[in-house]
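The values are calculated or read from the model by the stated rules, or taken from the named source; none is laboratory data. Computed from a predicted structure; not experimentally measured. Cβ atoms come from the backbone with ideal geometry, glycine included; neighbour counts cover every protein chain shown. When the accessible area is computed, the model is the full protein with side chains, heavy atoms only, and any ligands, DNA or RNA have been set aside. Shrake-Rupley method; radii C 1.70, N 1.55, O 1.52, S 1.80 Å.
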Amino acid sequence: TLFPAAVDAMMQESILGRAQKKGLIEIHSHQIRDYTTNRQNQVDDYPYGGGRGSVTRFPLLERHLREVGAPVHTIFLSPCGSVFNQEKARQLRDSFENIILVCGHYEGIDQRFIDECVDEEISVGDFVLTGG
């Protein structure tokens, strides 16, 4: 995320906050700019192959995934994915110790990252959020 302090504050509240306090889960957010290589700490770019809008850059996402180090199940949150429900939550809990959730910004993420690094696409349901 570009705003780890904001995400961390939200993750300390409600059900997720209580689960962390009980030691049931751990949630870590990462500053995505830490994985850039240019002076401007640029995180977005034009889509590979052209197109409108802006996507999160492939190299920094791939670099971040490599530096995490632990075996991880990578999920891209996408309206095209299978719908997240209680059954899916249980399956993820029972199958994976480490999960990374990747969310797009603007027009999404670079398709090369999805093709090469994403294990699964999941949709959180049919609704629209203001400001993403």
Scan region 8-47 for residues that are within 24 Å of Arg112 (Cβ to Cβ) and surrounded by fewer than 11 Cβ atoms within 10 Å (Cβ to Cβ) and report the count.
4
Take the residues of region 75-110 that are among the hydrophobic types (A, V, I, L, M, F, W, C) and open to solvent by 100 Å² or more (accessible area, probe 1.4 Å): which is modelled with the highest pLDDT?
Leu101
If Thr56 satisfies all but one of (1) open to solvent by 70 Å² or more (accessible area, probe 1.4 Å); (2) polar (S, T, N, Q); (3) at pLDDT below 80, what's the number of the condition it fails?
(1)
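Residue-wise test of (1) over 24 Å from Asp126 (Cβ atoms); (2) in a strand (DSSP E or B); (3) over 17 Å from the mean Cα position of the chain (by Cα).
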residue	(1), (2), (3)
Ile15	no, no, yes
Ala19	yes, no, yes
Ser29	yes, no, no
Gln40	yes, no, yes
Leu60	yes, no, no
I need the full set of residues from region 85-109 which are closer than 14 Å to Leu65 by Cα and part of a loop (DSSP other than H, G, I, E, B), in order please.
Asn98
Output for region 2-27, where each listed residue is without any contact (Cβ under 8 Å) to a residue 40 or more places away in the chain and either β-branched (Val, Ile, Thr) or under 18 Å from Gly104 (Cα atoms) (or both):
Phe3, Pro4, Ala6, Val7, Ile15, Ile25, Ile27
Search result, residues across region 65-74 that are within 19 Å of Arg33 (Cβ to Cβ) and either free of Cβ contacts under 8 Å to residues at least 12 places away in the same chain or open to solvent by 40 Å² or more (accessible area, probe 1.4 Å) (or both):
Arg66, Glu67, Val68
Name, by its number, the condition in (1) open to solvent by 50 Å² or more (accessible area, probe 1.4 Å); (2) modelled with pLDDT under 85; (3) within 19 Å of Pro4 (Cα to Cα) that does not hold for Asp126.
(3)
Could you please give the count of residues in region 1-40 that are within 17 Å of Arg63 (Cα to Cα) and of a type in the set (A, V, I, L, M, F, W, C)?
2
List the residue pairs whose Cβ atoms are under 9 Å apart, where the first residue sits in region 75-93 and is free of Cβ contacts under 8 Å to residues at least 24 places away in the same chain, the second is exposed (fewer than 12 other Cβ atoms within 10 Å of the Cβ), and the two are 6 or more positions apart or on different chains.
Asn85/Gly125
